[in-house]
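> Mind having a look at this structure? Questions to follow.
The values are calculated or read from the model by the stated rules, or taken from the named source; none is laboratory data. Values in this document were obtained by computation on a predicted structure and should not be read as measured data. Counting neighbours? That spans all protein chains shown, and the Cβs are built from the backbone with ideal geometry, glycine included.
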Amino acid sequence: MLATLYDPIIAPFDRFGVRRWRQWATRAACGRTLEIGVGTGLNLRHYRAVESVAAIDPDAASLARAFARRNGRGEIVSLSQARAEDLPFADASFDAVIGTLTFCSIGDPARALREVRRVLKPGGALRLVEHVRVKNRLLARLQDILTPPWRALAGNCHLNRDTAQLIGQAGFRVRAVRRLIGGLFIGIDAVR
Ligand SMILES: C[S@@+](CC[C@H](N)C(=O)[O-])C[C@H]1O[C@@H](n2cnc3c(N)ncnc32)[C@H](O)[C@@H]1O
């Protein structure tokens with residue numbers, strides 16, 4: 001999705017709840033934190049009590065917007081153009097990894113989760129907010145049907161991804177899953 005369109009499209013969703021989920025996700029940030037798929041930087045102002053935030057995204061136009069959103073916190077926030085599948089960081093270099101509405105768009109989410117696990121310290125926190133495949137079989141089937149056209153329109157966004165299952169398969173210990181809007185969105189709190 002074009003970076004210029006993203007902010008006006010997401011703004012009403014942020015007003016009606018997504019901002020609170022951003023706050024919940026970023027509350028797990030501590031020490032050296034990594035944000036995956038920072039996009040236009042809508043989470044940056046929510047970080048508190050961190051030593052640093054390294055944020056990555058493959059989209060240069062989104063990163064330029066995120067750069068402008070550092071709000072005087074340029075010393076602790078660094079931005080890099082990178083994909084989650086190939087993180088340009090050393091093993092065990094982060095205390096926490098945060099992501100919101102990102103794993104739906106990642107080309108190879110299993111590989112990205114292996115990378116997240118590699119760069120997280122043992123015991124480090126992974127906290128994500130994602131829209132996911134619903135449990136209701138009929139609605140899930142509808143998500144399957146809508147996903148191909150939606151991916152083409154919305155930057156590879158999959159409506160039908162079971163991100164919680166992928167996180168478990170990647171070897172994280174899932175501490176809590178919060179179901180939001182009937183399970184259409186989830187908040188996942190996991191540790192390496
Ligand atoms: C729906 S936007 C969410 C942006 C931001 N996290 C938010 O909550 O507003 C999805 C983001 O995932 C990024 N993305 C797509 N593929 C990615 C990948 N392989 N690795 C990391 N980020 C990716 C996109 O560039 C986009 O910025």
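Residues checked against (1) of a type in the set (D, E, K, R); (2) closer than 18 Å to Gly99 by Cβ:
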| position | (1), (2) |
| --- | --- |
| Lys135 | yes, no |
| Leu142 | no, no |
| Arg175 | yes, yes |
| Arg178 | yes, yes |
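> Okay, next question. Restricting to segment 100-119, and then to whatever is over 13 Å from the mean Cα position of the chain (by Cα) and in a loop (DSSP other than H, G, I, E, B), can you tell me which residue is surrounded by the most Cβ atoms within 10 Å (Cβ to Cβ)?
Asp108
> Here's a follow-up. Hey, among the residues in segment 121-166 that are touching a Gly at 6+ places or on another chain (Cβ under 6 Å) and surrounded by 15 or more Cβ atoms within 10 Å (Cβ to Cβ), which one's farthest from Ile106 (Cα to Cα)?
Val134
> On to the next question. I'd like the full set of residues that are surrounded by 13 or more Cβ atoms within 10 Å (Cβ to Cβ) and in contact with a Cys (Cβ under 9 Å, 6 or more places away or on another chain), limited to segment 46-60.
Listed by number, the list holds a single entry, Val50.
> Of these, Arg114, Arg133, Arg137, Arg118, which one is more than 9 Å from the ligand (Cβ to nearest atom), touching a Phe, Trp or Tyr at 6+ places or on another chain (Cβ under 9 Å) and not polar (S, T, N, Q)?
Arg118
> Can you tell me which residues in segment 1-16 are farther than 16 Å from Ala66 by Cα and either in contact with a strand residue (DSSP E or B) (Cβ under 8 Å, 6 or more places away or on another chain) or in contact (Cβ under 8 Å) with a residue 12 or more places away in the chain (or both)?
Asp14
> Among the residues of segment 1-38, which ones are outside any helix (DSSP H, G or I) and near the ligand (Cβ under 9 Å from one of its atoms)?
Those that are outside any helix (DSSP H, G or I) and near the ligand (Cβ under 9 Å from one of its atoms): Met1, Glu35, Ile36, Gly37, Val38.
> Can I ask one more? State all residues of segment 157-177 that are under 15 Å from His131 (Cβ atoms) and in contact (Cβ under 8 Å) with a residue 60 or more places away in the chain; if no residue qualifies, say none.
Selection gives Cys157, Thr163, Leu166.
> Okay, moving on. Within segment 114-133, can you find the residues that are of a type in the set (Gly, Ala, Ser) and within 15 Å of Ile36 (Cβ to Cβ)?
Gly124, Ala125 - these are the residues of segment 114-133 that are of a type in the set (Gly, Ala, Ser) and within 15 Å of Ile36 (Cβ to Cβ).
> Let me ask something else. How many residues are acidic (Asp, Glu) and within 18 Å of Val119 (Cβ to Cβ) when one looks only at segment 43-60?
Qualifying residue count for the region: 2.
Conditions tested, residue by residue: (1) assigned to a loop (DSSP other than H, G, I, E, B); (2) under 12 Å from the mean Cα position of the chain (by Cα); (3) surrounded by fewer than 23 Cβ atoms within 10 Å (Cβ to Cβ).
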position	(1), (2), (3)
Ser62	no, no, no
Arg73	yes, no, yes
Ser80	no, no, yes
Pro88	yes, no, yes
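> Under 8 Å between Cβ atoms, which residue pairs at least 6 apart in sequence (or on different chains) link something in segment 19-42 that is on the phi > 0 side of the Ramachandran plot and modelled with pLDDT of 95 or more with a partner that is more than 8 Å from the ligand (Cβ to nearest atom) and part of a loop (DSSP other than H, G, I, E, B)?
Close Cβ pairs (under 8 Å, with a partner that is more than 8 Å from the ligand (Cβ to nearest atom) and part of a loop (DSSP other than H, G, I, E, B)) amount to Gly37/Phe103; Gly41/Arg69; Gly41/Arg70.
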